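Following: one structure in structure tokens, then a few remarks.
The values are calculated or read from the model by the stated rules, or taken from the named source; none is laboratory data. This is a predicted model, so every value here is computed, not measured. When we count neighbours, we look across all protein chains shown, and the Cβ atoms used for this are built from the backbone with ideal geometry, even at glycine. All accessible areas refer to the heavy atoms of the entire protein, side chains included, with ligands and DNA or RNA removed. Shrake-Rupley method; radii C 1.70, N 1.55, O 1.52, S 1.80 Å.
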Amino acid sequence: MNDKKVENITVGVRIRPLNQRELSSGGHSIWLTPTPTSLKEKSGPRTFSFDRIYTETSDSFEIFSQQGSPVIENCVSGYNGCIFCYGQTGSGKTHTMHGKLKQNPGIVPISIDKIFSIIQSSANREFLIRCSYVELYNESLNDLLNPNSLNLQLAEDKKVRAS
């Protein structure tokens, strides 16, 4: 019997490069990456393990190829998928998701390009695309595709019970 476990969730951590203000004030990274899956405090005992660590020099294309592309490929095969960023204010979520369109696009524009590239190369298939783009900030859920849908309420579907 094959004991290999298949995971449906992968967690990648991106170490944000220092910004100009941090560099000019003598700031420095507090993290070491001893392996591609571990993160260690430079001056502390704590080590954390993840599916993948991306250093300050990692670009969005590298992150997308390892984290985002498998999700997109599964989505165009009929499965649901979710790519999201989590972190405190200033940790680089917007940069990772949006990037700078011409210089270094983020995960969202790269994902959109990938989806439509797959659709264009699949002439004999029909696709229905549904996309949600939400922000959870200070316990407020906002639909970023509809500016009129701010502070949305979450509700449980009484017909569907978690098992």
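One line per residue, one yes/no per condition, for (1) more than 24 Å from PRO105 (Cα to Cα); (2) within 17 Å of the chain's Cα centre (by Cα); (3) modelled with pLDDT under 90:
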{"position": "ILE15", "(1), (2), (3)": "no, yes, no"}
{"position": "ASN19", "(1), (2), (3)": "no, no, yes"}
{"position": "GLY44", "(1), (2), (3)": "yes, no, no"}
{"position": "SER69", "(1), (2), (3)": "no, yes, no"}
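In the range 112-123, is there at least one residue being more than 24 Å from LEU150 (Cβ to Cβ), of a type in the set (Asp, Glu) and in a loop (DSSP other than H, G, I, E, B)?
no
Just to be sure I understand, how many residues within the range 99-145 are of a type in the set (Phe, Trp, Tyr) and either touching a residue at least 40 places away in the same chain (Cβ under 8 Å) or open to solvent by less than 100 Å² (accessible area, probe 1.4 Å) (or both)?
Within the range 99-145, the subset of a type in the set (Phe, Trp, Tyr) is 116, 127, 133, 137.
Those left that are additionally either touching a residue at least 40 places away in the same chain (Cβ under 8 Å) or open to solvent by less than 100 Å² (accessible area, probe 1.4 Å) (or both): 127, 133.
Within the range 99-145, residues that are of a type in the set (Phe, Trp, Tyr) and either touching a residue at least 40 places away in the same chain (Cβ under 8 Å) or open to solvent by less than 100 Å² (accessible area, probe 1.4 Å) (or both) number 2.
If you go through the range 97-111, how many residues are under 15 Å from the mean Cα position of the chain (by Cα) and assigned to a loop (DSSP other than H, G, I, E, B)? It would help to see each step written out before you state the result.
Of the residues in the range 97-111, the ones under 15 Å from the mean Cα position of the chain (by Cα) are 97-99, 105-111.
Checking the rest, the ones that are also assigned to a loop (DSSP other than H, G, I, E, B) come to 106.
Qualifying residue count for the region: 1.
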